[in-house]
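A short write-up of the structure that comes next.
The values are calculated or read from the model by the stated rules, or taken from the named source; none is laboratory data. Treat the numbers as computed from the prediction; the structure is a model and nothing was measured. Virtual Cβ from ideal backbone geometry, glycine too; neighbours counted across all protein chains shown.
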Amino acid sequence: MNLPLDLSTPNPASPRFIDQYGDASRLPSQSAQEELAAGLRAPQASIAPKYFYNALGSRLFEAITALDEYYPTRTEAGIFDKASADIAKAIAASGITHPCLIDLGAGNCAKSARLIPHLQPTQYVPVDISVDFLRGAAEQIQTTFPMLDIVGIGMDFSKGLTLPPAVQKQDRVFFYPGSSLGNFPPIEALAFLQQVSDADKGNARGLLLGIDLVKDKSVLEAAYDDALGVTAAFNKNVLLHVNTLMGSAFDVHQWRHVALFNEAESRIEMHLQAECNLTVRWPGGERRFLAGERIHTENSYKFTVDSMTDLLRKAGFSQVRCWTDADEWFAVFWAAV
């Protein structure tokens, strides 16, 4: 019999933390500098959305989630509020009780905090690229669940899902909420899901996934271009982070936030548009931008329930269940290997 775990009994435990990415006190990695330089030199200049998330970017994203226009966070939370017990039953029906819950892009860990009482994990593993922000979040969630074994990992999981030995191998459940999978182009999204489902490497028994669904264009564009300009600040802040990482000289006053829905590709696009002719320099390189030229900073693909179900099955998941809100704006999937 699997008895409920008591995760709330006072205990002096502290979260363990493994930094596989590097914090702000270290020199930026050469690979990050090379990746950024290559993106800026490309015919269509780009910056990967993972670079949004320095400490300030993480806090700005928290503010975005509180905006009236930004429906994904509250809609997803509503699904979990109503369906968490049912989701836990579905996971248990897959033969998984007391999982190792691996939270990809954990941020402030608030989404997992809702699930932990239902899933009763033996270990919680928050993973994020924003190392210092994650440290604080892991410490906070440890105070809420003092008896829970917590291993925080600073990691760029877009480069691979090799986890350290401190993460238990049995009954791994990956948690990837917030429709962050939509940041990957379809081919890369499939490859990422295949990494998660690769049973030969012992990566996962299953995946709990939040996905934004296709809806009216006006609703989508407002969510990424709010009236207060918080998303604009979030987008521009990536330039400040890039300045720190590669010694460039972006001036945020010279750039304008642009968000649009590309219907043909079924994706929101975010860009930064040059307000004037300008040159950006960094050690070993430079790029001339003409007024109106854009840096592509994010794609956020939108799915249907059927298209995501098909993608999960192609990736190797054999059991797929789905929960949506009443308006079918958002979906949560459980996919078991």
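The set of residues in the stretch 188-231 that are among the aliphatic types (A, V, I, L, M) and surrounded by fewer than 21 Cβ atoms within 10 Å (Cβ to Cβ) comprises 189, 190, 191, 199, 213, 214, 219, 222, 227, 228, 230. Assessment of the stretch 263-276 against the conditions (loosely packed, with under 15 Cβ neighbours inside 10 Å, over 16 Å from residue 212 (Cα atoms) and of a type in the set (Gly, Ala, Ser)) yields at least one matching residue.
Only residues that are touching a Cys at 6+ places or on another chain (Cβ under 9 Å) and buried (at least 18 other Cβ atoms within 10 Å of the Cβ) were counted in the stretch 132-148, giving 4. Residues that are closer than 30 Å to residue 330 by Cα, among the charged types (D, E, K, R) and surrounded by 13 or more Cβ atoms within 10 Å (Cβ to Cβ) within the stretch 277-306 comprise 294, 298, 302, listed in sequence order. Within the stretch 85-107, the residues that satisfy the criterion of being in contact with a Ser or Thr (Cβ under 7 Å, 6 or more places away or on another chain) and either among the aliphatic types (A, V, I, L, M) or outside the structural domain of residue 321 (by TED's automatic domain parsing) (or both) are 101, 106.
Here is a yes/no grid of residues against (1) over 18 Å from residue 183 (Cα atoms); (2) among the hydrophobic types (A, V, I, L, M, F, W, C):
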| position | (1), (2) |
| --- | --- |
| 251 | yes, no |
| 257 | no, no |
| 263 | no, no |
| 266 | no, no |
| 273 | yes, no |
| 282 | yes, yes |
| 329 | no, yes |
| 332 | no, yes |
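Those helices (runs of 4 or more DSSP H) of the stretch 166-279 in which at least 3 residues are within 27 Å of residue 131 (Cβ to Cβ), considering only elements entirely within it, cover 186-197, 230-246.
Being assigned to a strand (DSSP E or B), under 30 Å from residue 91 (Cα atoms) and small (Gly, Ala, Ser) is a property that holds for residue 331.
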